[in-house]
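What follows is a single structure, written as structure tokens, with notes after it.
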Ligand code: ADP
Ligand code: ADP
């Protein structure tokens, strides 16, 4: 369970997130939309304690994220808007095993997690390939696998569909459906709601750093 309460984040004098209260239940599929600059990326960076609140707080399973960043990062896996920024290794499998290695897990557990994560994004058998030789959609899936290998309760994906064609989007959407069915909470940041209205439990729209809408997709559709 993620609870965001009265969250304010300022860059200088400007509040990019301006008093957001929102909760994300385990196993829930939530879409976070809103125009460019509405504060989406800033908000999600608080969910695993990459930023500190100026006011308010984010609690992950009851614990303030800024008080226990390691717990927050264990519970909340994140991929970033431009997956080129997020890779730490040259090959697919090395990138996916990096996180579990840093947790100090035993080797067989690391390999088990990497196998499961790569299978979940349909990259099984491709661990030895170089990331820089992959397509945009495949790179996004590597980033998702890296987050999954941490076995988070929640997966936060910042614009995972940017630059993906429809077959690649459909593929990733199917994977997200599988994850939600398996009990993982999913928060997808997007400025394009088209693919999500049928599958999301809730649509949250930010505008100028505030929640302009928090509703089931049927009601969000009426407002679009
Ligand atoms: P941009 O100008 O960056 O494309 P938009 O203002 O069109 O941003 O909004 C981005 C997304 O958020 C779109 O999918 C839009 O439909 C949705 N959206 C924006 N405001 C609302 C609102 N008040 N209620 C529901 N959806 C909204
Ligand atoms: P979104 O993800 O919805 O596009 P962001 O969270 O990236 O929104 O940005 C929200 C606002 O904060 C924008 O006005 C943006 O210009 C500003 N902003 C984002 N990051 C920084 C930063 N590192 N320093 C100063 N301003 C920033």
Q) Wholly within region 1-112, which strands (runs of 3 or more DSSP E) include no fewer than the required count, namely at least 1 residues that are buried (at least 18 other Cβ atoms within 10 Å of the Cβ) and within 12 Å of ligand 2 (Cβ to nearest atom)? A) 2-11, 14-24, 29-33
Q. Across region 9-50, what is the number of residues that are free of Cβ contacts under 8 Å to residues at least 60 places away in the same chain and more than 29 Å from residue 194 (Cβ to Cβ)?
A. 6
Q. Is region 179-198 home to any residue that is without any contact (Cβ under 8 Å) to a residue 24 or more places away in the chain, away from ligand 1 (no atom under 15 Å from the Cβ) and more than 21 Å from residue 39 (Cβ to Cβ)?
A. yes
Q) All but one of (1) over 22 Å from residue 35 (Cβ atoms); (2) within 15 Å of ligand 1 (Cβ to nearest atom) hold for residue 170; which doesn't? A) (2)
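Since every read-out is calculated from the coordinates, none of them should be taken as a lab result. Predicted model only: the values in this text are computed from it and were never measured. Cβ: placed from backbone, ideal geometry, glycine included. Neighbour counts: every protein chain shown.
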